[in-house]
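Following: one structure in structure tokens, then a few remarks.
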Amino acid sequence: AIDISDLRDQSGYVTLDRGFKNTGSTKSAITYLDGENGILHYRGYPIEQLAEKSNFLEVAYLLIYGELPTQPQLDSFAREISIHTLVNEDMRKIFDGFPYNGHPMGILSALVCSLTAFYPESQDPNKYEETLDATIIRLLAKMPTIAAWAYKNSQGHPLNYPKNNLDYCSNFLYMMFALPVEEYQIDPVIVDALNKLLILHADHEQNCSTSTVRLVGSSRASLYSSVSAGINALWGPLHGGANQEVIEMLEAIKKDGGDTTKFINKAKDKNDNFRLMGFGHRVYKNFDPRAKIIKKAADQVLQQLGINDPVLEIAKKLEEAALSDQYFVERRLYPNVDFYSGIIYRALGIPTNMFTVMFALGRLPGWIAQWKEMRDQKEPIGRPRQIYTGYTERNYVGINERK
Ligand code: ACO
């Protein structure tokens, strides 16, 4: 890698790299990713080990503070988070203003941004250091509550207040699924699967939403508003929104009789905008290590829960067909993290339009860690250059003289 940051304007040249395909925006010590060999490490720890042995809060601590916590550090982190899970009662009223069928990603991003109004000190760049730890805790604590309430609102169900004697994932499941009319039993298989999914989504270096979070924060905007922007970036179907699209695509294949060839051909057709959702990645060119773990987990979870989802078989058939097709082989397109995750979310009872919200809950520690690193490294405001292709100068024409 060549560091050209010191050349500044001296050369008179501007590098053009649409989509930043080959341009680094920062130096980072958070996530190590080797796309050729399908390697992903958080702070040096292989994702496979973390998914197997750790839990989401421990990984969040690792990403944000750089080291695995000791037991007292983890206990205190978890305690602080559980103390802050409630959201201000005035925020409840905001839910009433949304239509019941409003997309939960829109609601999540709006409510996360509204936290700036409830905690205005977070907006003061001079108080960044003294308020940061509280902001981090509040975000980790309140985002699951907001997410679960967005879902409850869409169902017309009463909102569940957090139960702080529950662990992070169980509390979220309780807020999502408990109903006043029956006892809600927390299933350890579901808690385990949720921890694994959140860990696998927790960071992925300078992807679109993370770059957005860093870019917004580089103007000294607050962490809340930066994360809210990240949620919006994640929502797009080429990024986190793909997990919802994958299930919709698999359902469409099922409805169509299960023939994957038609969809593969459609994805190959350059006159058709359709893409095989959950396939391809900017950086992984041989396989996505997260997809490998999730595929295995999908089999296990469905078996443990005694669920037979025909969509899993269609997904496997589609993967097999694509991986033996020259178009996908030549372009090195493999299943990515979003390809099998939706099948597990479904098995956990999470509805399709909440899939990208689940991704956002998982990615939150990564966004926080990256934002904090950007500020700690005192990075300058992000401000890409351009190559201008329009008119250079024209004289103003009065409205009556225009043709
Ligand atoms: N289906 C069909 N063709 C594809 C697909 C796909 N899923 N993905 C890429 N291609 C083709 C492109 O048409 C292009 O073909 P060409 O060389 O003939 O023009 C070639 O493969 C390269 O694709 P690009 O779009 O240039 O690759 P880029 O790195 O810009 O995009 C992306 C990566 C956005 C992930 C892309 O593969 C895609 O759209 N995938 C589907 C959406 C998806 O699953 N997104 C989730 C990504 S993971 C994440 O964000 C968590």
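The values are calculated or read from the model by the stated rules, or taken from the named source; none is laboratory data. All values reported here derive from a predicted model rather than from experimental measurement. For neighbour counting, all protein chains shown are included, and Cβ atoms are generated from backbone atoms with ideal geometry for every residue, glycine included.
Residue by residue, here is whether (1) within 22 Å of the chain's Cα centre (by Cα); (2) of a type in the set (A, V, I, L, M); (3) not in a helix (DSSP H, G or I) holds:
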{"position": "Ala233", "(1), (2), (3)": "yes, yes, no"}
{"position": "Leu250", "(1), (2), (3)": "yes, yes, no"}
{"position": "Ile253", "(1), (2), (3)": "no, yes, no"}
{"position": "Arg275", "(1), (2), (3)": "yes, no, yes"}
{"position": "Val283", "(1), (2), (3)": "yes, yes, yes"}
{"position": "Lys292", "(1), (2), (3)": "yes, no, no"}
{"position": "Leu312", "(1), (2), (3)": "no, yes, no"}
{"position": "Ala315", "(1), (2), (3)": "yes, yes, no"}
Selection within the range 134-170 - of a type outside the set (A, V, I, L, M, F, W, C) and assigned to a loop (DSSP other than H, G, I, E, B): Gly156, His157, Pro158, Asn160, Tyr161, Pro162, Lys163, Asn164, Asn165, Asp167
Filter the range 177-199 down to the residues that are within 22 Å of Leu364 (Cβ to Cβ) and crowded, with 19+ Cβ neighbours inside 10 Å and list them by number. Phe177, Ile190, Val191, Ala193, Leu194, Asn195, Lys196, Leu197, Leu198, Ile199
Breaking point among (1) small (Gly, Ala, Ser); (2) within 15 Å of the ligand (Cβ to nearest atom); (3) over 16 Å from Leu361 (Cα atoms), for Gly240: (3)
Kindly indicate whether any position in the range 282-298 is surrounded by fewer than 19 Cβ atoms within 10 Å (Cβ to Cβ) and of a type in the set (A, V, I, L, M). yes
Which condition does Thr212 not pass, out of (1) assigned to a helix (DSSP H, G or I); (2) within 16 Å of the ligand (Cβ to nearest atom); (3) in contact (Cβ under 8 Å) with a residue 60 or more places away in the chain, if it passes all the others? (3)
Given the criteria at pLDDT below 95, away from the ligand (no atom under 11 Å from the Cβ) and part of a loop (DSSP other than H, G, I, E, B), does Asn271 qualify? no
Just for the range 53-77: of the residues that are crowded, with 17+ Cβ neighbours inside 10 Å and small (Gly, Ala, Ser), which one is nearest to the chain's Cα centre (by Cα)? Ala60
Check the range 322-344 and report whether any residue there is of a type in the set (A, V, I, L, M), within 30 Å of Tyr174 (Cα to Cα), near the ligand (Cβ under 9 Å from one of its atoms) and not in a helix (DSSP H, G or I). yes
